[in-house]
Each structure stands twice: as structure tokens, then as C-alpha cells.
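One structure is given here, and the rest of the page talks about it.
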Amino acid sequence: MKTENFIRFSGFSLMLGGCLATLGWILFAISDPVYIDSDGIQWIVFNFLIIFGGVFIAQGLPGFYLSQSHRTGTLGLIALVILFIGIAIPYIAVHSIETATSPDIPPIMRLLVSVGAPGIIIGVLFTGIITYTAGIYPRRWVAAALITLVLLGLIRQMYSIPPTLERGIFPAVFAGIVAITGFYMLFKLKINHTTAQ
């Protein structure tokens with residue numbers, strides 16, 4: 001597969017995954033903000049939107065890295081690995097276990113969350129900083145949005161916020177940023193010989 005096609009395919013994957021996850025988080029924020037109604041069919045549907053969103057997002061991350069790798073180098077690769085862990089564990093592993101076992105969630109979940117939560121925070125922050133310095137994406141809004149989201153997430157650790165924000169709106173905004181980034185990669189990104197190196 002040509003590099004350009006791989007980046008476009010990755011953009012499509014990010015866009016699709018971001019849209020699925022955004023929809024799942026918004027539906028949870030509207031109908032079950034405290035995330036406890038595991039008896040209804042919506043529990044499975046909403047969680048599957050987030051799980052498959054995570055699968056497509058994780059699949060699209062290598063192309064996102066490749067689109068700016070000539071400017072981010074090894075630091076960009078490290079950011080990619082951390083962010084991949086931060087997506088794969090919370091979105092795919094944790095939600096899969098939670099979907100299948102709730103309300104009797106096994107203790108192993110705490111271990112997964114203890115790895116996944118820092119992974120997504122550090123990965124998003126690191127990726128935001130790296131993306132900002134690379135300057136590939138327009139007006140650096142992608143980087144600024146990711147960094148701002150992490151800062152808001154850190155604030156939520158210090159102050160009590162409504163569940164609708166914590167388990168609905170904040171993750172939906174992140175997934176929405178991913179979807180918009182994927183759209184940009186698919187339709188707007190100028191891919192040339194330099195970008196593809």
C-alpha cells in the first residue's frame with residue numbers, strides 16, 4: 001500500500017472511530033450519566049459504540065503518526081505508543097469487560113484502569129505537544145484542543161464535577177477531536193514526498 005493511501009485509510013479509521021465513540025459517550029451522557037444501568041439493551045449498544053470506536057481509533061493512530069513523523073521523529077513514536085495503550089486499554093479492554101460483567105465487575109478492572117487512565121492522559125498530552133511543535137495540522141487547533149482537554153481532565157481530578165461531564169461530555173469531546181482529525185487526514189491533508197518519509 002502506498003504511504004498516501006495508508007494515511008488516507010488511517011484518517012478514515014480515525015474519523016469512523018471518533019464518530020462511533022462520540023455517539024456512544026453522548027448517548028451515555030443523555031440516558032445514563034452515572035453509567036450504572038446495565039440491564040437495558042442500551043448498555044450493550046452504547047458500550048459497543050465505544051468499543052468499536054476504540055478499535056478504529058487505535059487502527060488509525062499509526063497513519064496519524066506517519067503523517068507527521070518527519071517532524072516528530074522518535075518522540076512522536078513514543079507518544080504514539082503511549083496513546084495507543086491509552087486507547088486500547090480503556091476503550092477496548094475495560095469497556096469489553098465492563099459490558100460483559102457489570103454489575104459484578106472483576107477486580108482485574110482496577111489494574112487495567114490503573115494502566116489505561118494514565119496512558120490516555122499522558123498519551124494525549126504528549127501527542128498534543130508533539131503535534132503542536134510539528135505544525136502539520138492547520139492553526140495547530142488539534143494540538144491545542146488535546147492539551148486543553150488534558151488540563152480539564154486534570155482539573156476534574158481535583159474537583160467534583162457532574163457525571164455527565166466526566167463520563168460523557170469530556171470523552172465525547174476527545175472522540176470528536178479524533179474524528180475531525182481523521183476527516184482532515186482523509187480529505188484535506190497535503191501529502192507529499194516530505195510528509196511520507
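Computed from the coordinates by the stated procedures, all read-outs in this text should not be read as laboratory data. Everything numeric in this text was worked out from a predicted model, so none of it was measured. Here the Cβ positions follow ideal geometry from the backbone for every residue, glycine too, while neighbour counts run over all protein chains shown.
Would you compute the Debye intensity of the stretch 28-145 from its alpha-carbon atoms alone, equal scatterers and no solvent, and pass along log10 I(q)/I(0) at q = 0.16, 0.20, 0.21 Å⁻¹ to two decimals?
Those come out to -0.80, -1.04, -1.10, one per q.
Go through 32-38, 145-151, 20-26 and give me the packing order, highest mean Cβ count within 10 Å leading.
Highest mean packing first, the order is 20-26, 145-151, 32-38.
Nearest 20 debye, what's the magnitude of the dipole of the chain about its Cα centre given +1 on Lys and Arg Cβ and -1 on Asp and Glu Cβ?
920
Based on the inverse mean of 1/r over its pairs of different Cα atoms, what is the Kirkwood hydrodynamic radius of the chain, in Å?
Result for the chain, one decimal place: 16.9 Å.
Just subtract the alpha-carbon distance of Val113 and Val34 from 0.36 nm times their residue separation and send over the number in nm, one decimal.
Answer, rounded to one decimal: 26.7 nm.
Note down the relative contact order for the stretch 3-196 as a percent, whole number, built from C-alpha pairs under 8 angstrom at least six residues apart.
Once divided by the residue count of the stretch 3-196, the mean separation gives 37 percent.
With n ≥ 4 as the cut-off for DSSP H runs, can you work out [θ] at 222 nm for the chain, using -39500 (n - 2.57) per run divided by the number of residues, rounded to the nearest 500?
-26500 deg cm²/dmol
Could you tell me the center-to-center distance, by alpha carbons, between the stretch 130-151 and the stretch 42-92 in angstrom?
Centre-to-centre (Cα) distance: 16 Å.
Calculate, in nm to one decimal, what Ile97 and Phe9 gain on full extension: separation in residues at 0.36 nm each, minus their alpha carbon distance.
28.8 nm
Using the beta-carbon distance between Ile105 and Ile78 and R0 = 35 Å, what value does 1/(1 + (r/R0)^6) give for FRET efficiency, to the nearest 0.05?
Taking R0 as 35 Å, the efficiency between Ile105 and Ile78 is 0.65.
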